[in-house]
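*Asks:* Please find one structure pasted underneath; my questions will follow.
The values are calculated or read from the model by the stated rules, or taken from the named source; none is laboratory data. From a predicted model like this one, the values you see are computed outputs, not experimental measurements. Note that each Cβ is placed from the backbone with ideal geometry, even for glycine, and that neighbours are counted across all protein chains shown.
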Amino acid sequence: MSYVVRMGVVALGAFVVMAAVSGGRVDAQSAALPNPYQSILDWAKIPQGRTWGQMAALDIDSHGNIWAVERCGGITCNGRPEAPVLAFGPSGDVVKSLGAGMFVFPHGIAIDDDDNVWITDGRAADGKGQQVIKFGPGGEVLMRLGTAGVAGEGPDTLNGPSDVAIAPNGDIFVGDGHDAGTNARVVKFAKDGTFIKAWGEKGVGPGQFATPHSLAFDSRGRLFVGDRENNRIQIFTQDGMFLEEWTQFGRPSGMWIDGDDVIYVADSQSDMTRNPGFTRGLRIGRIRDGSVTAFIPHPNADPASPAAEGVVIDAARNVYTAGNDEPVAKHVPR
């Protein structure tokens, strides 16, 4: 039987059979989870003259274009001329790009209901970075959160923003913290950018974080936070009240929750050292009972190779992933 951790109590899940428990952690990988997808690893095409760099996040706009954040052919965009934010059309070709010369360490992405594009910049250099920048559909800058080039923990500063998510009412949530020595909190802003509140600190307890790397909302409006270094997902109300903790989805780098409350969790780092009993890949499950129902394994068998961090789903239920060692791939239902 499988297990879901809820408010510190182990509760029965409904789908995965014969999962093992050792050392207080759930080994969701001991079950033979199906992979119902065929993978097209070379789906996206980088523009001529460019090479793939690190990637951490994906999203989709109202036209079905897949948006990716790509670090200018390497590990940073500082001093690079390339536009790091790329939109790929149905054929995998780039149809739009933005953000050239504006970012240091572009990381998270969110596209709101009006096709505005929100990008986090998790490091600072040369008076740039440590911000969330909102672009309009035409690429114009509409809003900046945080102070450019300044790291901090106040209402007007960020330190290592990893991801951003937009609530149905327009409120803005930022997972603030990535590298060692950065913040470990979730920050909430009103739709006009006014600071509302922040919660969290370094730690392993409820409401504490060690890299709030990804954010997503379910159909009930609950905020899911991929607390990556703690190998868990934490679930909160939009006011920051802790509700549940899940460990069965591995070490979460990226998350996507679709309209049917199916959750897709990209685990880019699990290994015998950082998350024993789990392997890298994409776990798929159900919000209603927390069960893990399917798994797309990372195609690279090298244990030192990082897997996909970003994940997004289109209207045809195709799955797209991307990461530091995996350009944008498309996974088609069999």
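*Asks:* Check Gln130 against each of (1) assigned to a strand (DSSP E or B); (2) at positive phi; (3) touching a residue at least 40 places away in the same chain (Cβ under 8 Å) and name the one condition it does not meet.
*Replies:* Among (1) assigned to a strand (DSSP E or B); (2) at positive phi; (3) touching a residue at least 40 places away in the same chain (Cβ under 8 Å), Gln130 violates only (3).
*Asks:* Restricting attention to the range 63-83, which residues are more than 17 Å from the chain's Cα centre (by Cα) and surrounded by 15 or more Cβ atoms within 10 Å (Cβ to Cβ)? Walk me through it before giving the result.
*Replies:* Going residue by residue through the range 63-83, those that are more than 17 Å from the chain's Cα centre (by Cα) are 63-65, 72-83.
Scanning the range 63-83 gives Asn65, Cys72, Gly73, Thr76, Cys77, Asn78, Arg80, Glu82, Ala83.
*Asks:* Let me ask another. So which residues in the range 261-320 are touching a strand residue (DSSP E or B) at 6+ places or on another chain (Cβ under 9 Å), small (Gly, Ala, Ser) and under 22 Å from Gln54 (Cα atoms), if there are any at all? Give the steps one after another, and end with the answer.
*Replies:* Narrowing the range 261-320 to residues touching a strand residue (DSSP E or B) at 6+ places or on another chain (Cβ under 9 Å): 261-270, 275-287, 289-300, 305-320.
The next check asks that each one be small (Gly, Ala, Ser); those that pass are 266, 268, 270, 277, 281, 285, 290-291, 294, 305, 307-308, 310, 315-316.
Scanning the range 261-320 gives Ala266, Ser268, Ser270, Gly281, Ser305, Ala307, Ala308, Gly310.
*Asks:* Based on what the data block shows, is Val174 in a strand (DSSP E or B), more than 18 Å from Gly310 (Cα to Cα), in contact with a strand residue (DSSP E or B) (Cβ under 8 Å, 6 or more places away or on another chain) and aliphatic (A, V, I, L, M)?
*Replies:* The answer is no for Val174.
*Asks:* Here is a follow-up. Answer yes or no: is there a residue in the range 134-150 that is basic (Lys, Arg), surrounded by fewer than 20 Cβ atoms within 10 Å (Cβ to Cβ) and over 22 Å from Gln54 (Cβ atoms).
*Replies:* The answer is yes; a qualifying residue exists.
*Asks:* Within the range 195-203, identify whether any single residue is within 30 Å of Met272 (Cα to Cα), out of contact with any strand residue (DSSP E or B) (no Cβ under 9 Å at 6 or more places or on another chain) and assigned to a loop (DSSP other than H, G, I, E, B), and answer yes or no.
*Replies:* First pass over the range 195-203, keeping only residues within 30 Å of Met272 (Cα to Cα): 200-203.
Now drop any that are not out of contact with any strand residue (DSSP E or B) (no Cβ under 9 Å at 6 or more places or on another chain), which leaves none.
Among the residues of the range 195-203, not one is within 30 Å of Met272 (Cα to Cα), out of contact with any strand residue (DSSP E or B) (no Cβ under 9 Å at 6 or more places or on another chain) and assigned to a loop (DSSP other than H, G, I, E, B), which makes the answer no.
*Asks:* So, one more: Got at least one residue in the range 323-333 being in contact (Cβ under 8 Å) with a residue 60 or more places away in the chain, surrounded by 24 or more Cβ atoms within 10 Å (Cβ to Cβ) and within 23 Å of Ala165 (Cα to Cα)?
*Replies:* Yes, there is a match, as at least one residue in the range 323-333 is in contact (Cβ under 8 Å) with a residue 60 or more places away in the chain, surrounded by 24 or more Cβ atoms within 10 Å (Cβ to Cβ) and within 23 Å of Ala165 (Cα to Cα).
*Asks:* Would you mention how many residues in the range 99-127 are outside any strand (DSSP E or B), of a type outside the set (Phe, Trp, Tyr) and within 21 Å of Gly73 (Cα to Cα)? Before you say what the answer is, go through the steps one by one.
*Replies:* Going residue by residue through the range 99-127, those that are outside any strand (DSSP E or B) are 99-105, 112-116, 126-127.
Okay, now just the ones that are also of a type outside the set (Phe, Trp, Tyr), so 99-102, 104, 112-116, 126-127.
Narrowing the set further to residues that are within 21 Å of Gly73 (Cα to Cα) leaves 99-102, 104, 126.
So the count comes out to 6.
*Asks:* Please enumerate the residues belonging to the range 308-332 that are in a strand (DSSP E or B) and of a type in the set (D, E, K, R). Before you say what the answer is, go through the steps one by one.
*Replies:* Our first condition is that a residue be in a strand (DSSP E or B); within the range 308-332, this holds for 308-313, 319-323, 326-332.
If the condition is that a residue be in a strand (DSSP E or B) and of a type in the set (D, E, K, R), then Glu309, Glu326, Lys330 are the ones that fit.
*Asks:* Related question: How many residues does the range 84-98 hold that are touching a Lys or Arg at 6+ places or on another chain (Cβ under 6 Å), closer than 18 Å to Ile313 by Cβ and part of a loop (DSSP other than H, G, I, E, B)?
*Replies:* 1
*Asks:* Oh, and also: Identify all residues within the range 229-275 that are part of a strand (DSSP E or B), touching a helix residue (DSSP H, G or I) at 6+ places or on another chain (Cβ under 7 Å) and without any contact (Cβ under 8 Å) to a residue 60 or more places away in the chain; write none if there are none.
*Replies:* The answer is Pro252, and nothing else.
*Asks:* Here's another thing I want to ask about it. Thr211 is checked against (1) under 22 Å from Ile111 (Cβ atoms); (2) crowded, with 17+ Cβ neighbours inside 10 Å; (3) in contact with a Lys or Arg (Cβ under 7 Å, 6 or more places away or on another chain) and fails just one. What number does that condition carry?
*Replies:* (1)
*Asks:* Which number in (1) out of contact with any Leu (no Cβ under 8 Å at 6 or more places or on another chain); (2) at pLDDT below 90; (3) loosely packed, with under 14 Cβ neighbours inside 10 Å marks the one condition that Asp93 misses?
*Replies:* Here Asp93 meets the rest and fails (2).
*Asks:* Oh, and also: Could you list all residues from the range 285-307 that are surrounded by fewer than 22 Cβ atoms within 10 Å (Cβ to Cβ), not in a strand (DSSP E or B) and not aliphatic (A, V, I, L, M)?
*Replies:* Arg288, Asp289, Ser291, Pro299, Asn300, Asp302, Pro303, Ser305, Pro306
*Asks:* Restricting attention to the range 275-325, which residues are closer than 28 Å to Glu245 by Cβ and among the acidic types (Asp, Glu)?
*Replies:* Hits for the range 275-325 are Asp289, Glu309.
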